[in-house]
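Report on one structure; see the data block that follows.
The values are calculated or read from the model by the stated rules, or taken from the named source; none is laboratory data. Computed from a predicted model, the values in this text were never measured in an experiment. Glycine gets a Cβ as well: all are built from the backbone with ideal geometry, and neighbour counts include every protein chain shown.
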Amino acid sequence: MTFDSVAMTTLVPSECKQETVCIFGTGDFGRSLGLRLLQAGYRVIFGSRDPGNTALLPEGSRVTSHAEAIKSARVIFVALHRDHYPTLTPLTPALAGKVLVDVSNNLKRGEYPQSNAEHLSRLVPGAAVVKAFNTISAWALQSGALDASRQVLVCGDSAEAKQAVMDIAHSLGLMAQDRGSLRSAGELEDLPLQLLPLWRLPLRIAAALLAFFFIYELVRDVVFAQVTEGKDKSFRIMISLANKIFPVVSLIMLALCYLPGIMAAALQLHNGTKYKRFPDWLDRWMLCRKQLGLVALALAFLHVLYTLVIPIRYFVRYKIAAITISQIRENKTKPFDSTLAWRADSYYSLGILGFGLYVLLGITSLPSVSNSLNWREFRFVQSKLGHMTLLLCTAHTFLFGWDKFLYAATYKWWMPPGYMLALVVPCVVLVPKLILMTPCVDRAVTRIRQGWDRPTGSGTQKKSRKSQQPLML
């Protein structure tokens, strides 16, 4: 007997919340799910190998043996590990026509050749197996829908069974999404095992850049002074070097957020169409732009914090005192330099404005904020203000360097300062962006992204291309 053969006679309408729901398993997830079901108005019965153990179960629920629990419920949540699935085989006749909701996950990806849900379906062929609730944690169920993930992914071969599970999810205040047949179960079971998939590339880039610039600045500031002057400047590692490395890497990573967009526009102009796929590496790069920006923002925060402690550093206070005493002894006063004052104030002002927009970009990246913006508003903030942020931060860095590039003493062992290297990628982004903003180029890119194709070939090919062009009114 299959689930479809008994149609909807075995299901209770979603409007009626007095349905009895059975849960196999009294672990953390089973207990948390049972509590949420009770709060939603369902009757909950637990099936357990030890029906006498009721100490941790939520108040208002019942616990019996597996065979007894099956009789009272039509939807059964299987909160058991895959190793315990064979214990359900003797119950196959009683489970015929029931909805079995497999909530299990594995310890590692590819642990079994077949997904847990498909394996359960083969063990209990008379039941309608649905994969669901495996992406929701016990903590999420206990914390409530507003404090944790609200999305329940559902897949199964029976539309009626999936709808029954989705109705339960909705009644718990969760959002349910149909992910197709039971063949998708393997994909759903892999989701909880992924560790920050979109953060891996940004974190690797950040780690590589931090390591490179740390070694680079260590050689320039510490090793160079030790070798050429015999001075020990290793104390600069903790504050000075860190405060050079963080802004440099932050600026480069901010530029890397917008570089793939420049590349994509160039490729579309070259191809004359938007219907040609980008290379896989460019697709992956564009998908993790948000994470690149957030890592860059974190490094910018560190730069701000390190800058704030500069006045209270021992080395800085010592230098100020030494210079002051020297001027007193020599009875000299350093004249006020208005050019230097303009440069310093402009440097700080651009840094503050750039960091303010930096924070705004980070805030609009939060799901709770971005979901409240329409596409035009989100694009304005992330694109227009994003490029403005990059421009301000790049100008901030240029003012820091000012005319130092003209002096040979700046290049220790012929190595330019780190901030000079950091300006390369932002300039590579900003210069092409200015070109793309020109009316003729911007018009061409806009038409391509609206579906226009550049005519190629001859004869019939040209005619078919023209027929695909949008009507210009």
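Remarks
- Among (1) touching a helix residue (DSSP H, G or I) at 6+ places or on another chain (Cβ under 6 Å); (2) of a type outside the set (G, A, S); (3) under 30 Å from G451 (Cβ atoms); (4) part of a helix (DSSP H, G or I) - the single one K274 does not satisfy: (4)
- Residues in the stretch 318-343 that are under 23 Å from W402 (Cα atoms) and outside any helix (DSSP H, G or I): 4 in all.
- Criterion (surrounded by fewer than 20 Cβ atoms within 10 Å (Cβ to Cβ), among the hydrophobic types (A, V, I, L, M, F, W, C) and either in contact (Cβ under 8 Å) with a residue 24 or more places away in the chain or in the same structural domain as Q151 (by TED's automatic domain parsing) (or both)) met by exactly one of A94, A132, A117: A94
- Those residues of the stretch 58-83 which are within 35 Å of the chain's Cα centre (by Cα) and either hydroxyl-bearing (S, T, Y) or part of a helix (DSSP H, G or I) (or both), in sequence order: R82, D83
- Residue satisfying all of: in the stretch 354-386; surrounded by fewer than 18 Cβ atoms within 10 Å (Cβ to Cβ) and closer than 13 Å to Y258 by Cα; modelled with the lowest pLDDT among these: R379
- Residues considered: L385, L350, L373. Of these, the only one that is in a loop (DSSP other than H, G, I, E, B) and touching a helix residue (DSSP H, G or I) at 6+ places or on another chain (Cβ under 9 Å) is L373.
- In the condition set (1) at pLDDT below 90; (2) in contact with a helix residue (DSSP H, G or I) (Cβ under 8 Å, 6 or more places away or on another chain); (3) of a type in the set (A, V, I, L, M, F, W, C); (4) outside any loop (DSSP other than H, G, I, E, B), A140 is compliant with all but (2).
Residue by residue, here is whether (1) among the β-branched types (V, I, T); (2) modelled with pLDDT under 95; (3) within 30 Å of K290 (Cβ to Cβ) holds:
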| site | (1), (2), (3) |
| --- | --- |
| A145 | no, yes, yes |
| G156 | no, no, no |
| S171 | no, yes, no |
| L174 | no, yes, yes |
| G186 | no, yes, yes |
| P197 | no, yes, yes |
| L201 | no, yes, yes |
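- Of the candidates P426, P417, the single residue that is touching a residue at least 24 places away in the same chain (Cβ under 8 Å), within 16 Å of P260 (Cα to Cα), surrounded by 16 or more Cβ atoms within 10 Å (Cβ to Cβ) and assigned by TED's automatic domain parsing to the domain that holds M263 is P426.
- When L123, L107, L196, L191 are screened for being farther than 16 Å from F77 by Cα, in contact with a Ser or Thr (Cβ under 8 Å, 6 or more places away or on another chain) and surrounded by fewer than 22 Cβ atoms within 10 Å (Cβ to Cβ), only L191 passes.
- Answer residue from the stretch 303-353, given it is hydroxyl-bearing (S, T, Y) and more than 26 Å from H396 (Cβ to Cβ) and is modelled with the lowest pLDDT among those: T333
- Test: residue in the stretch 237-248 that is loosely packed, with under 13 Cβ neighbours inside 10 Å and either within 23 Å of S365 (Cα to Cα) or in the same structural domain as Y358 (by TED's automatic domain parsing) (or both): yes
- Among the candidates R220, R183, R204, residue that is in a helix (DSSP H, G or I) and not assigned by TED's automatic domain parsing to the domain that holds L421: R183
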